[in-house]
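The values are calculated or read from the model by the stated rules, or taken from the named source; none is laboratory data. It should be emphasised that the depicted structure is a prediction, and the values quoted were computed from it without experimental measurement. Cβ: placed from backbone, ideal geometry, glycine included. Neighbour counts: every protein chain shown. Accessible surface areas use protein heavy atoms only, side chains included; no ligands, DNA or RNA. Shrake-Rupley method; radii C 1.70, N 1.55, O 1.52, S 1.80 Å.
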Amino acid sequence: MDYESIYDKKIIERGKDYYKNNLVKFCVRFENKLYGKVMGGDEYNTVVDLNDRTGLCSCPYKYNCKHSYALIEAYNNNNYIDGDELFNNLKNKSKDDILNVLKNIILKYNLWDELTQNKNNLVEKGKSILKLIPIEKKNIFTFKSFLRNQFLKNSKDDELLELLKEIGAFEHLEADDKDTIDIVEMIVSEIFERKNKDLAEKTLELSKKYKNKLWIVKEYYYDYYGEEYL
């Protein structure tokens, strides 16, 4: 695979060095993703999607970083744990044993939010990140990363529409700003790629209310359904 189309050459070199120097604390393959912790200036949580080898990390660089590539090196060298097998082994444990494992994990890592999340958790998380943008402009990149790595493929149709509406109404995103255009197009592209005409028509109606920001919806609608539907 041509990793240089995804990772900078220096990033690849540093990632290899991190792996060779045993800075990958662990690498687990589960459901076609790599999950790991990689040491650096701190201990970073890193995830690599094996479908396209892109990485997301808790380090300041955030995605496609040296820590992500270090995980790839571990995987390419067969130095990883089979997470699917680990979960399959849980099937042989009793209910009480599994609940005890879960309890210890929640207590150790303070993961109560995973138990208390509601059905709109992804949308609410997106709204929360949006609110941070006026406080610090760089959070717009955090929001784009959230869309790319969590929201778009995991959201339901109505959740896509709900967050798009929130973006249309959000006064701190300028309509002609490149990042705003990128954000809108990311969501609109996902909506139309689902080939749900009812969802597309609802999106078109929404664009009439927020036409300055959602102007690109009409172009997508034309491309997918033809001018006669406009």
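Within the set of pairs 6+ apart or on separate chains, which have a first residue in segment 150-170 that is farther than 15 Å from Ile129 by Cβ, a second that is aromatic (Phe, Trp, Tyr) and surrounded by 15 or more Cβ atoms within 10 Å (Cβ to Cβ), and C-beta atoms under 7 Å apart?
So the pair list comes out as Gly168/Tyr210; Ala169/Tyr210.
Conditions: (1) loosely packed, with under 14 Cβ neighbours inside 10 Å; (2) assigned to a helix (DSSP H, G or I); (3) in contact with a Gly (Cβ under 9 Å, 6 or more places away or on another chain). Val184 meets all but one. Number of the miss?
(1)
Please work out if Tyr35 is modelled with pLDDT of 95 or more, open to solvent by 70 Å² or more (accessible area, probe 1.4 Å) and among the aromatic types (Phe, Trp, Tyr).
Working: modelled with pLDDT of 95 or more: yes; open to solvent by 70 Å² or more (accessible area, probe 1.4 Å): yes; among the aromatic types (Phe, Trp, Tyr): yes.
Here the answer is yes, as Tyr35 does meet what is asked.
Scanning for something part of a loop (DSSP other than H, G, I, E, B), open to solvent by 40 Å² or more (accessible area, probe 1.4 Å) and either within 21 Å of Lys211 (Cα to Cα) or of a type in the set (Phe, Trp, Tyr) (or both), does segment 134-152 turn up at least one residue? Give the derivation first.
Pass one, segment 134-152, residues part of a loop (DSSP other than H, G, I, E, B): 134-138.
This time we only want the ones that are open to solvent by 40 Å² or more (accessible area, probe 1.4 Å), so: 134-138.
Those still in the list that are either within 21 Å of Lys211 (Cα to Cα) or of a type in the set (Phe, Trp, Tyr) (or both) too: none.
No: segment 134-152 contains no residue that is part of a loop (DSSP other than H, G, I, E, B), open to solvent by 40 Å² or more (accessible area, probe 1.4 Å) and either within 21 Å of Lys211 (Cα to Cα) or of a type in the set (Phe, Trp, Tyr) (or both).
Can you tell me how many residues within segment 77-118 are under 22 Å from the mean Cα position of the chain (by Cα) and open to solvent by 80 Å² or more (accessible area, probe 1.4 Å)?
9
Condition test on Leu102, is it aliphatic (A, V, I, L, M) and over 20 Å from Lys213 (Cα atoms)?
Numbers: aliphatic (A, V, I, L, M): yes; over 20 Å from Lys213 (Cα atoms): yes.
Judged against the criteria, Leu102 is a match.
Taking into account only those residues within segment 1-32 that are open to solvent by 80 Å² or more (accessible area, probe 1.4 Å), of a type outside the set (A, V, I, L, M, F, W, C) and closer than 20 Å to Asn149 by Cβ, which is nearest to the chain's Cα centre (by Cα)?
Glu31
Of the residues in segment 153-181, how many are assigned to a helix (DSSP H, G or I) and not hydroxyl-bearing (Ser, Thr, Tyr)?
Summing the residues that are assigned to a helix (DSSP H, G or I) and not hydroxyl-bearing (Ser, Thr, Tyr) in segment 153-181 gives 18.
State whether one or more residues within segment 196-212 are assigned to a helix (DSSP H, G or I) and touching a Ser or Thr at 6+ places or on another chain (Cβ under 8 Å).
No, there is no match, as no residue in segment 196-212 is assigned to a helix (DSSP H, G or I) and touching a Ser or Thr at 6+ places or on another chain (Cβ under 8 Å).
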